[in-house]
1. Applying a 10 Å radius around every beta-carbon, put 150-162, 374-386 in order of their mean neighbour count, most first.
2. Do me a favour and compute the ellipsoid semi-axes for region 244-366 from its Cα gyration tensor, root of five times each eigenvalue, largest one first, whole Å.
3. Using only C-alpha atoms and all pairs of different ones, pull out the Kirkwood radius for region 311-429 in Å with one decimal.
4. For a protection proxy built on the mean count of beta-carbon atoms within 10 angstrom, sort 48-58, 429-439, 357-367 highest first, please.
5. For region 22-103, what is one quarter of the convex hull surface built on the Cα atoms, given in nm²?
6. Could you give P(r) for region 361-479, binned at 5 Å from zero, as whole percent values over all Cα-Cα pairs?
7. What's the whole-number percent of alpha carbon pairs in the chain lying beyond 39 angstrom?
8. Give the Kirkwood hydrodynamic radius (Å, one decimal) of region 143-271, defined as one over the mean of 1/r across all pairs of different Cα atoms.
Amino acid sequence: MRLLSTLLLALIPLAFLGVMVAAPLWALADYGGSAQWRETLADPYIRERIVWTLTQALISCLLTFLLSLPIAWTLARIEFRGRRLILRLLMLPFVMPTLVAAMGVLALFGARGLLLPGWQDTPYLLLYGNVFFNLPVMVRAAYQGLQQVPAHRLQAAQTLGAGGWQRWRHVEWPALRPWLAGGASLVFLYCFSGFGLALLLGGNRYATVEVAIYRLIAVELNIEQAAVLVWLVLAITGLAGGAYALISRRTVSAASVQAAVPQPCRNLPQRLLLSCSLLLLTLCCALPLAAIAAQAAMAGASWRVLAAPETLAALWNTLRFTGGAMLAASLLGILHAALARRLPWVRGITFLPFMVSPVCVAFGVLLLYPEWSASLPLLIATYALLAYPFITKDLLAAWDALPASYTAAARSMGAGRFQTGIYVTAPLLLPALRRGLTLAAATCIGEFAATLFLSRPEWQTLTTLIYHHLGLPGADNRDQAMVLSFVLMTLALAVFLLLDAAEKKTARL
């Protein structure tokens, strides 16, 4: 009976991954033999794109690593007014669509930037955009690592005469390294396979491999070279994703650890560190979002774009595609989590959609299912593929943390497996499900890459409409794109507030 139920659980999530990931990637294997690989990699432009993609990803990792350490230590060790609010707001840039992040950078440093205009054709815009989007990821990883340092170890080191630097070097740093390694793997994965930021901020000269793949398909119709680059991207992101999954096993939070309680600033160095940390957070995370709001406020008559039929249609498409994807992602996430509880190896493929970029997924789907390329079910399925791992991850973490005594008590009172699941396990997992759904919704609302490949013109979403206005000449079109970016940012902010409310409710429970 257990074997039969396990097979039934495996049917939907594993078949879905096979149809949407494995089969499209297998279809790509038919393109480009060894001769095509040699020809593609011999192209100077392609080699330059590969080197730049690796370079910007590594530099972004280094920058986020260096900036995250003082910020995370300040949040973990120093008590100050607004600290808890900042901890909650750290997730805000992460739930923002990449297109909003790119528009925020352009609002600061683009042709009509508010801070330092005229930087639009330099590599620094993409690097800054990567830092904005990924610094909260690294800060959270470092903060969680510091929370795993037992307070009694720090107290013992201080009693033995260790100063602040010695406590950092010998007590905190060893515990922090695995968490930073996991965060760096994730940041590299996002930066190497990022599409929206690179498309808007990189331009022609600083385009990444993902942008090169898109242009090879959409502009040059060169499927063979695009397929070679897709496999190259998959190999590198697969290594980064595998490293993250491997490191994640070593960075499980221990509930029994009594972390050090943050203390008010005691000396001048700590006050300086606090000031620098708050300044870094403002410059790297808050300014781009504030710049979008400021540019939109100055848009004047361009606000009429909100009443345009194409805007209303794009908003409706964004909401209905997200709603449909949420239904599918909920089913997939729950089934995948339940299956992973029974088959440990299934946990390893939870992050598979994270390892395959939306560009690679959309390209493979186009090749394998050309007759479905402009169909709504395929678009919704692609959205769901990119969204449901957030649900699975949160459900698994909550499920693993449930005390076994709850289930045992229900079974001892005569409840069957089904009754125990419905009346005991499910209510306890609801907060994790809500948390996963909000992150999944944020992913779908801001989805851009797959929509460019798979959407019809009449299925334009807010992200593709913003990109369309940016491609048109004139200041009015740019202002309209900024207004639409403000609307998209507001939607993402609403999702963030839902997530924050769910987090606070869970904390109270």
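1. 374-386, 150-162
2. Values for region 244-366, descending: 36, 35, 14 Å.
3. 16.5 Å
4. Order by mean packing, descending: 357-367, 429-439, 48-58.
5. 9.3 nm²
6. All Cα pairs, binned at 5 Å, distribute as 2, 10, 15, 13, 12, 11, 10, 9, 7, 5, 4, 2, 1, 1, 0 percent.
7. 26 percent
8. On the way: mean 1/r = 0.0549 Å⁻¹.
That comes to 18.2 Å for region 143-271.
The values are calculated or read from the model by the stated rules, or taken from the named source; none is laboratory data. Given the structure is predicted, the values throughout are model-derived calculations rather than measurements. All Cβ positions, even for glycine, are placed from backbone atoms using ideal geometry, and neighbour counts span all protein chains on display. Just so you know, the surface numbers come from the protein's heavy atoms only, side chains and all, with ligands and any DNA or RNA stripped out. Shrake-Rupley method; radii C 1.70, N 1.55, O 1.52, S 1.80 Å.
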